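Read the structure below first, then the notes.
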Amino acid sequence: MRRIRVKVVVDPDVQKKYTIPPGQIEFYVTTYLNDPDGWSTKGYFFEPVSFNQDVTIHLSSQSTIDKNCGLEGKLSCAELGGKTMWLNSDRWYHGASKSKLSLDDYRQYMVSHEMGHILGYDHTECPCKNCPAPIMMQQTKGIGQCKPNTKVL
């Protein structure tokens, strides 16, 4: 397995808005990343660290994401093949109805999808009617004829 050290950071404006208990977001993020149906199926293991990280994962406000990624529409982003991702805090707490995923499943999708970009994967489309939506499909924008999915296939 390839070990990837991740540092999870809750940006100060998000911490102030949601009053997040210390370590809670890190616990969820690393749990999602190490899910047996996640990137571990491709040989990855994610270890939470406080320093010397390979990847920094931010829980960020939309304004921070707009500034760092140039995105609008409450999306998250990550550098393709890079070392930094920004998870949209509004989506973290409210999900995306177009994805047809429960909040917990949406969070797992969001973390897994953005980590996919870090690992070098780009967006994909729905491959066929009633197929599971690929993790690298932009499920936030809708799943078309696919079925909701959080697994890395």
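For the pair LYS42 and LYS129, the difference between a 0.36 nm per residue extended length and the Cα-Cα distance amounts to 28.8 nm. Counting protein heavy atoms only, the chain has 50 percent of its accessible area on carbon and sulfur, 1.4 angstrom probe. Close amide H pairs (under 5 Å, H built 1.01 Å from N) link GLU47 with ILE4, ARG5, VAL6, residues at least 5 positions away or on another chain. Ordering CYS146, ILE25, CYS77 by Cα displacement along the dipole of the chain toward the positive end leaves CYS146 in first place; charges were set at the Cβ atoms of Lys, Arg (+1) and Asp, Glu (-1).
Between GLN15 and ASP122, what FRET efficiency follows from the Cβ-Cβ distance if R0 is 30 Å, with the result rounded to 0.05? Don't skip to the answer; put the middle values down first.
Numbers: r = 32 Å, r/R0 = 1.05.
It comes out at approximately 0.40.
Modelled spin-label separation between GLN145 and GLU72, with each label point placed 7 Å from Cα along the Cα-to-Cβ direction: 3.2 nm. Straight-line cross-link partners of LYS129 among the aspartates and glutamates, defined as a Cα under 20 Å from its Cα and at least 8 positions apart when in the same chain, are absent.
Looking at this model, which pairs from LYS100/LYS147; LYS42/LYS151; LYS98/LYS147; LYS16/LYS83; LYS74/LYS141 are more than 18 angstrom apart at the alpha-carbon? LYS16/LYS83, as the Cα separations exceed 18 Å there. Each part reduced to its alpha carbon centroid, region 84-115 and region 1-33 end up 13 Å apart.
A probe of 1.4 angstrom, applied to the heavy atoms of all protein chains, finds THR31 with accessible area near 70 square angstrom.
In the assembled protein chains, GLU72 presents an accessible area of approximately 150 Å² (probe radius 1.4 Å).
Each Lys and Arg adds +1 at its Cβ and each Asp and Glu adds -1 at its Cβ; summed about the Cα centre, region 46-153 shows a dipole of about 420 debye.
The values are calculated or read from the model by the stated rules, or taken from the named source; none is laboratory data. Note that the structure is a prediction, hence the values are computed from the model and not measured. No Cβ is skipped: glycine too gets one built from the backbone with ideal geometry, and neighbour counts run over all protein chains shown. Heavy atoms of the whole protein, side chains included, go into the accessibility calculation; ligands, DNA and RNA do not. Shrake-Rupley method; radii C 1.70, N 1.55, O 1.52, S 1.80 Å.
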